[in-house]
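Okay, structure first, notes after.
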Amino acid sequence: MNRTAFVLFSLCAACAVSSCGSRPAYWNQQAPAVSTYGLQEGVAVLDADNNRLVFLSALPAQQLSAQQLPLAHNPVTTSVSPDGQSLFILASGDWPIQTAADQLPSLTWVAPPPSSSTTVPATMTATQFWMSNPLQNLVVDPGEHWAVAYAGAQTDFVQNVSELVLFDLTQAPNPSSPTAPLDKTRSPNPVSRTLQAFGGIPQQLTFTVGLDLGGGLVRHLLVMETNIDVTMVDMDDAFPVPPATAPAEVTVRLTNGSDGTMVTPAGLAVYPGSASGPARLAIRASNDTNIFTLVLGPSTPTINLTDVGGVPSDIAFVMTDAPTDGGLRVAALVPSSSSAVLVEPDTSLTTTVALDAPYTSLSLVTQALGTPAPTVDVALLWGAPSGATDGVELWTLGSSVGTPYRSVQGVDVSQSIQAVDDVPGNAQLKVLEVAGGSEFVVLNLVTQNAAPLETSQSASLMIAPDGGRMWVFTPEGTNLASIDFKDLNPIRLTTDLPINAVYDVARVDSTAADPHRSLIAIHQVGTLGATVFDALDPNPVTSRRADALLLEGP
Amino acid sequence: MKTRVMLVVLMGVSTLGSRAAHADEGDEAVSSHRLDTGEIVGRFELGYRGSFVSGSGYNPFSTNDYLPQLSIGVTRTLAWQGPWSFAAGVAWDYATTGATSLGDTTELTLDRLTVPLEGRRRFGRFGYAFVRAAPGIAYESVEVDDPSVPGNALTKSRWLFAADLSAGYAVPLWTRRGSGSQLLSHLWAQADGGYGFVVDQRLNLTPNGQARADGADLGTLALSGGFFRLSVAASL
């Protein structure tokens, strides 16, 4: 080999080695698209593309700390727990499974550690429940005892729409991992269950509170509304230790009272029962004018149908001062006749109350008003289309039965209300979201004072979990305002980057005696940024930016 | 894989050096004459250096595990005894590399200043083998441009201790015939390979001049690793 060959050989070798090795594909992608969820003590950032969850905790001096957790593959549904402390992530895994390394479908529960933990900030822990098939929908029991996954509308190649997967959140997963053996001394967790099928597709599932079925028997039910029937599952016995089996569910097929046509459930109300009467369910339909009331007991429930004169848009069990049935009635709003109808559940006798507007929604606000006669309910009516005289009305049930026209008091809110938000820890306040997002109304139910707060642009609202204030911001804009519920004085703030979401979270050094909170404004630009304010004393001067939150490698 | 390729390069250098051994009987005589008379022999090198970086901290700045560099150095012979000699000098390696990572533009710049201490063994007109130790310092500067950052840039720069240890072989490409006072006496092709050490740097990047903004932690940047260098050199 001559010198020229030597030089050429060396250059070729250099070129060859320079192309060796490559970095993980993670770095080659664009900035990941994430979804964010606010919890009591931080913000969860789901980076599904990279199978990770980043939990942001608020530190003193408006700083953030980030903790990474592995995330189940291909999350389909994410739900914040009712108490705001934890997060549930339903994932389809690597479905269909093709290799041993592929991940099964699962439910992941991300929660803070037990209160005995002294780690600051708290290290979130993940508990994973493994499933044999992917499901798309998740409902968590308000008491956080159970959860259920179900299929709903078909999305997989082959899917059993009558299958429910029940999770007992108070027990450890069994098996503990996809490859671990089943602990036969206790019930599997989760439990897969196929309900008796009449061809209905699940539409909505609801966990009830404990229902008094008489004779001291208290049961918790899972009520599944399909498009043609209603099924009740006893959750207290849903996790038997094999070879024992769970009691059969009860399915009530709904037909109208005239020609037997199947009707589609659209919502339900639950009465837990008391010493004066058994537990009951009331069901309204989207295509029928009847209200279906079920009396629950140890045996098969009995059913009553009551025609309310139009398709009801909302129902609730209410207490009135009527002498029969202990005053219990089903209140139904019928927008087509701008009325409300009170139904006596046993006799199906009705009382119609004319309303000033076709309200579509009602919320019970009895406790907020501190009503002198606590056995009589007060309902807030809202949801009328724009143009109504009053956007909301208070309906006192004590004077309704027999004297319907004197029962409704208009509150001075004339805009169309699209949502009514509770203020945690402050029941007498309601925040009314006016359609269009350019106005919010803080309604004091006791004084019946409605304070409108107008915005120059369509804005979004976030109420602090501690009930002290609310935040209004322009989505994709830089305008932000804090409004303290004590004086309703807006404090105008601004950020350098567009805001996608805001979360008011407890700081890691917060205690009951010395509370501290931070407002985290999320900016989905670059690799995710945030601006952090002192939520109790918002001031641009003390705010701080956290940048490139997802730039760190997986 | 990388080590194997580097060995092939070094073996090729050795083989070619031996085959070129008979090419130029007079070169060694001239060079020996200059050394024997106590004349100082200086060398200027210009080369290409490739470093292999396997640390994860390098991933945001390059699409592969390789850092190409420009390498410049000057040495002069300080002592000699028979076929053995010792030279020292200064060298500068410069690299700049970058990538698009998670949609961000990134850049890494490296300046390495070292003092090569080189022992040589001449093999007549076949050239010479050498072993080189080069302690020094390195200046690492990184930048990540991210829209979520105030001023759009996260940066960090730092001086760090660095050192190289390598061995190689130089083959004469051209030799001036006859003795005299001409400035240029030889042109060389040389290759060496070894290990380069740079103190690790924590990549806790911060926005420039932003007191109320946090940065990002990209882990540890470790540029230590094997390297090779291909150079041409001129002897005075």
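The values are calculated or read from the model by the stated rules, or taken from the named source; none is laboratory data. A quick note: this is a predicted structure, and the numbers were derived from the prediction, not measured. Cβ sites come from the backbone with ideal geometry, for glycine too, and all protein chains shown count toward neighbours.
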The one condition in (1) modelled with pLDDT under 90; (2) away from chain B (no Cβ under 14 Å) that A:Gln85 fails to fulfil: (1)
Residue among A:Val263, A:Val330 that is within 30 Å of A:Gln367 (Cβ to Cβ) and touching a Ser or Thr at 6+ places or on another chain (Cβ under 9 Å): A:Val330
Matching entry among B:Leu102, B:Leu67 (being under 21 Å from A:Asn28 (Cβ atoms), at pLDDT 95 or above and in contact with a helix residue (DSSP H, G or I) (Cβ under 8 Å, 6 or more places away or on another chain)): B:Leu67
Filter result for A:Asp259 (in contact with a strand residue (DSSP E or B) (Cβ under 6 Å, 6 or more places away or on another chain) and assigned to a loop (DSSP other than H, G, I, E, B)): no
Checking A:Ala14 against (1) farther than 30 Å from A:Pro424 by Cβ; (2) modelled with pLDDT of 85 or more; (3) buried (at least 17 other Cβ atoms within 10 Å of the Cβ); (4) of a type outside the set (Val, Ile, Thr), the condition it does not meet: (2)
Residue, nearest to the other protein chains (Cβ to nearest Cβ), within the stretch B:58-79, restricted to residues that are in a loop (DSSP other than H, G, I, E, B) and not small (Gly, Ala, Ser): B:Asp65
Those residues of the stretch B:126-168 which are hydroxyl-bearing (Ser, Thr, Tyr) and within 13 Å of chain A (Cβ to nearest Cβ), in sequence order: B:Ser148, B:Thr155
Failed item in (1) away from chain A (no Cβ under 12 Å); (2) closer than 30 Å to B:Arg177 by Cβ, with B:Ala95 passing the rest: (2)
Candidate set from the stretch A:17-41 (those that are of a type in the set (Ser, Thr, Tyr) and in contact with a Ser or Thr (Cβ under 8 Å, 6 or more places away or on another chain)); member that is modelled with the lowest pLDDT: A:Ser22
Residue list for the stretch A:469-508, restricted to those being crowded, with 20+ Cβ neighbours inside 10 Å, within 20 Å of A:Gly425 (Cα to Cα) and among the polar types (S, T, N, Q): A:Ser482
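Among the residues of the stretch A:477-494, which ones are in contact with a Gly (Cβ under 9 Å, 6 or more places away or on another chain) and part of a loop (DSSP other than H, G, I, E, B)?
A:Phe485, A:Lys486
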Unmet criterion (only one of (1) in a strand (DSSP E or B); (2) surrounded by 20 or more Cβ atoms within 10 Å (Cβ to Cβ); (3) touching a residue at least 40 places away in the same chain (Cβ under 8 Å)) for A:Leu135: (1)
Hey, B:Val149 at pLDDT 90 or above, more than 20 Å from the chain's Cα centre (by Cα) and buried (at least 19 other Cβ atoms within 10 Å of the Cβ) or not: no
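Here's the yes/no breakdown for (1) touching a strand residue (DSSP E or B) at 6+ places or on another chain (Cβ under 6 Å); (2) under 22 Å from A:Leu164 (Cα atoms):
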residue	(1), (2)
A:Asp237	no, yes
A:Pro242	no, yes
A:Leu268	yes, yes
A:Leu281	yes, yes
A:Leu305	yes, no
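Take the stretch A:162-193 and flag every residue that is part of a strand (DSSP E or B) and more than 24 Å from the chain's Cα centre (by Cα).
The answer is A:Asn174, and nothing else.
For the stretch B:182-236, give me the residue count where each residue is free of Cβ contacts under 8 Å to residues at least 24 places away in the same chain and away from chain A (no Cβ under 11 Å).
Result for the stretch B:182-236: 2.
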From the options A:Val223, A:Val209, A:Val230, residue that is part of a loop (DSSP other than H, G, I, E, B), within 23 Å of the chain's Cα centre (by Cα) and not charged (D, E, K, R): A:Val209
Sole exception among (1) assigned to a loop (DSSP other than H, G, I, E, B); (2) under 19 Å from A:Val295 (Cα atoms); (3) modelled with pLDDT of 85 or more for A:Leu281, by number: (1)
Flag for A:Leu8 being surrounded by fewer than 20 Cβ atoms within 10 Å (Cβ to Cβ) and either in a strand (DSSP E or B) or at pLDDT 95 or above (or both): no
Top-ranked residue in the stretch A:194-206 [being in a strand (DSSP E or B) and modelled with pLDDT under 90; ranked as nearest to A:Pro265 (Cα to Cα)]: A:Gln203
Residue satisfying condition, being modelled with pLDDT of 85 or more, under 26 Å from A:Asp259 (Cα atoms) and touching a Lys or Arg at 6+ places or on another chain (Cβ under 8 Å), within set A:Pro301, A:Pro345: A:Pro345
Conditions (1) acidic (Asp, Glu); (2) buried (at least 19 other Cβ atoms within 10 Å of the Cβ); (3) part of a loop (DSSP other than H, G, I, E, B); number of the one not met by A:Asp237: (2)
Filtered residues of the stretch A:420-452 (kept if in contact (Cβ under 8 Å) with a residue 40 or more places away in the chain and not in a strand (DSSP E or B)): A:Val423, A:Pro424, A:Gly425, A:Asn426, A:Ala427, A:Gln428, A:Ala435, A:Leu445, A:Val446, A:Gln448
Criterion: hydroxyl-bearing (Ser, Thr, Tyr), within 12 Å of chain B (Cβ to nearest Cβ) and surrounded by fewer than 16 Cβ atoms within 10 Å (Cβ to Cβ) - qualifying residue of A:Thr527, A:Thr542: A:Thr542
Qualifying position, being touching a Leu at 6+ places or on another chain (Cβ under 7 Å), touching a residue at least 40 places away in the same chain (Cβ under 8 Å) and farther than 18 Å from A:Leu222 by Cα, among A:Leu305, A:Leu333: A:Leu333
So A:Asp514, is it charged (D, E, K, R), out of contact with any strand residue (DSSP E or B) (no Cβ under 8 Å at 6 or more places or on another chain) and either buried (at least 20 other Cβ atoms within 10 Å of the Cβ) or more than 14 Å from chain B (Cβ to nearest Cβ) (or both): yes
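Which one of B:Asp200, B:Asp214, B:Asp192 is surrounded by fewer than 21 Cβ atoms within 10 Å (Cβ to Cβ), of a type in the set (D, E, K, R) and at pLDDT 80 or above? Show your work before the answer.
Values: B:Asp214 fails: surrounded by fewer than 21 Cβ atoms within 10 Å (Cβ to Cβ); B:Asp192 fails: surrounded by fewer than 21 Cβ atoms within 10 Å (Cβ to Cβ).
Exactly one of B:Asp200, B:Asp214, B:Asp192 is surrounded by fewer than 21 Cβ atoms within 10 Å (Cβ to Cβ), of a type in the set (D, E, K, R) and at pLDDT 80 or above, namely B:Asp200.
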Failed item in (1) within 13 Å of another protein chain (Cβ to nearest Cβ); (2) touching a residue at least 40 places away in the same chain (Cβ under 8 Å); (3) surrounded by fewer than 19 Cβ atoms within 10 Å (Cβ to Cβ); (4) of a type outside the set (Lys, Arg), with B:Phe123 passing the rest: (1)
Subset of the stretch A:507-528 [at pLDDT 95 or above, hydrophobic (A, V, I, L, M, F, W, C) and more than 13 Å from A:Ala546 (Cβ to Cβ)]: none
